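The values are calculated or read from the model by the stated rules, or taken from the named source; none is laboratory data. Bear in mind that the values here come from a model prediction, so they are computed numbers and not experimental data. All Cβ positions, even for glycine, are placed from backbone atoms using ideal geometry, and neighbour counts span all protein chains on display. The protein model used for the area step is the full one, side chains on, heavy atoms only, and it has no ligands, DNA or RNA in it. Shrake-Rupley method; radii C 1.70, N 1.55, O 1.52, S 1.80 Å.
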Amino acid sequence: MKETVLVIGASGQIGTELVMRLREIYGDSHVIASDIKDAAEVVMQSGPFENLDAMDGSRLTEIVKQYKVTQVYLLAAMLSATAEQHRDFAWKLNMESLFHVLNLAKDGIIKKVYWPSSIAVFGPTTPRQNTPQFTVMEPDTVYGISKQAGERWCEYYNKKFNVDVRSIRYPGLIGWKAAPGGGTTDYAVHIYHEALKHGKYESFLGPETTLPMMYMPDAIRATVDLMETASENVKIRSSYNVAGFSFNPEDIAAEVKKHIPEFEISYAPDYRQQIANSWPQSIDDSHARSDWGWAHQYDLADMTNDMLLNLRKQLQVS
Ligand code: SER
């Protein structure tokens, strides 16, 4: 049977790129993009788009039945920084949307679910270096609590109801095709834009705030590889640790300076510093590597080359 995929949150940072990759794999008309706001032009023009509020279970069911959807990628969520400002809404959005999708799979209406988790599931009591797959998890952000609860529910639905749900704990994601929104790691995207436009950047995280990060092409490949692998390879049904590389604002600034020598960074840490301080600095992703063959490709230097090359064209700066 031909697969038909629904992406919820198709206008976001990951959704914009993931929809286009899935359309290459499954065909344009078999990947339905959905969001509460219009997606990027390229997404809107290349295949179906439906307006969908991820908390609206009946509209979701209607779309799934209309298109005979077999797989759902649920990307809609409120991220770490914004969730601290809108606690009740963040919890409602992040949890209700997940239950709607898991229940569609439990009822046999869809076959497979992708749901992203995050390094935010870890907290101040977690070992911060080479954080293991299985370890202490006491997140102290609204977003982290919602992702950890979500992970437990994913595993529960897999064990009790045989739901084929798959998940990755993304590190901070950096890409040039779409803007990030409301995350603690967003500085690592903003810095490139500001360096090209103004030659300087004021970081909302301090110079030595090391966090695990990944370039978007690697994140998209990880996501698709996990979803494509045979079900028996997916031994972890909560969420997989997956790592790229780690850096802090000082490191990325030094890398940017190699391309833009006059670039200057300054620091004005705000409430996001505390969130970052509670997260790991590096991640052990050996389970993803051995279970389904994960291997990252980009490091900080490769990513910086590619980001600046593409953003120069997109922003039309020399
Ligand atoms: N990048 C996300 C954030 O900063 C973490 O999942 O919220």
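In the condition set (1) hydrophobic (A, V, I, L, M, F, W, C); (2) over 30 Å from Gln274 (Cα atoms); (3) open to solvent by less than 50 Å² (accessible area, probe 1.4 Å), Val42 is compliant with all but (3). Collect the residues in segment 178-216 that are touching a residue at least 24 places away in the same chain (Cβ under 8 Å), open to solvent by 40 Å² or more (accessible area, probe 1.4 Å) and either aliphatic (A, V, I, L, M) or within 16 Å of the ligand (Cβ to nearest atom) (or both), keeping them in residue-number order. Correct list: Ala179, Gly181. Residue pairs whose Cβ atoms lie under 8 Å apart, separated by 6 or more positions or on different chains, with the first residue in segment 79-102 and more than 16 Å from the ligand (Cβ to nearest atom) and the second at pLDDT 95 or above and open to solvent by 90 Å² or more (accessible area, probe 1.4 Å), are Phe99/Trp153; Leu102/Trp153. Just one of the listed residues (Asp291, Asp285) is within 16 Å of the ligand (Cβ to nearest atom), closer than 30 Å to Ser238 by Cβ and within 23 Å of the chain's Cα centre (by Cα), namely Asp285.
Which one is surrounded by the fewest Cβ atoms within 10 Å (Cβ to Cβ), of the residues in segment 96-150 that are assigned to a helix (DSSP H, G or I) and polar (S, T, N, Q)? My answer is Asn103.
Just a yes or no: is a residue in segment 219-230 farther than 29 Å from Thr70 by Cα and not small (Gly, Ala, Ser)? No: zero hits. For segment 253-283, name all the residues that are among the β-branched types (Val, Ile, Thr) and either within 23 Å of Asp140 (Cβ to Cβ) or out of contact with any helix residue (DSSP H, G or I) (no Cβ under 6 Å at 6 or more places or on another chain) (or both). Listed by number, the residues that qualify are Ile275, Ile283. Name the residues in segment 106-123 that are closer than 21 Å to Tyr143 by Cβ and either away from the ligand (no atom under 16 Å from the Cβ) or at pLDDT below 95 (or both), would you? If the condition is that a residue be closer than 21 Å to Tyr143 by Cβ and either away from the ligand (no atom under 16 Å from the Cβ) or at pLDDT below 95 (or both), then Val113 is the only one that fits.
When you look at Leu6, is it outside any strand (DSSP E or B), out of contact with any Phe, Trp or Tyr (no Cβ under 6 Å at 6 or more places or on another chain) and open to solvent by less than 10 Å² (accessible area, probe 1.4 Å), yes or no? Give the derivation first.
Values: outside any strand (DSSP E or B): no; out of contact with any Phe, Trp or Tyr (no Cβ under 6 Å at 6 or more places or on another chain): yes; open to solvent by less than 10 Å² (accessible area, probe 1.4 Å): yes.
Criteria not met by Leu6.
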